[in-house]
């Protein structure tokens, strides 16, 4: 499952006295979002980023932080894993967008600058 490091992003921002609106970096864990996001890649998350259909987002689901794609069907929103092999939480229906805590605006592959990608 694609998760954040053990300390949650929000906890880390508060501990380091960062503003809730400042972008932050996380390392991708797991392969739920492969092939777009692979384990070990670094993502930059914008907490105040524009939410739209197809955005890659950081979301809180229960006690888990998840990297997922935000999808809209009619008036309903859901979180979707890209990897068809994902069996744990491949799709999650959302009652509203309060579970979303940021939009991925960039990814980087450590040591491979040419493979960086922007999502804005």
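Here are some notes:
- Point-to-point label distance, residue 36-residue 51, nm (Cα→Cβ direction, 7 Å offset): 1.6
- Each distinct pair of alpha carbons in the range 20-79 adds a 1/r term; the inverse of their mean, the Kirkwood radius, is 12.5 Å.
- Likely footprinting exposure, 120, 109, fewest C-beta neighbours within 10 Å first: 120, 109
- Using a cutoff of 8 angstrom between alpha carbon atoms and counting only pairs six or more residues apart, the relative contact order for the range 56-120 works out to 28 percent.
- Per-pair calculated FRET efficiency, R0 = 41 Å: residue 22 and residue 75 via Cβ, rounded to 0.05: 0.85
- Cα gyration tensor of the range 9-118 - equivalent ellipsoid semi-axes, whole Å, descending: 21, 19, 13
- Chain lengthening between residue 96 and residue 63 when straightened (0.36 nm per residue, less Cα-Cα): 10.1 nm
- Least to most buried among 43, 100, 92 (fewest other Cβ within 10 Å first): 92, 100, 43
- Pairwise centroid distance, computed over Cα atoms, of the range 27-62 with the range 80-120, Å: 2
- Ranked 88, 64, criterion: other C-beta atoms within 10 Å, fewest first: 88, 64
Only the coordinates and a few stated rules stand behind these numbers; no lab work does. This is a predicted model, so every value here is computed, not measured. Every residue, glycine as well, gets a Cβ built from its backbone with ideal geometry; the counts of neighbours run over all protein chains shown.
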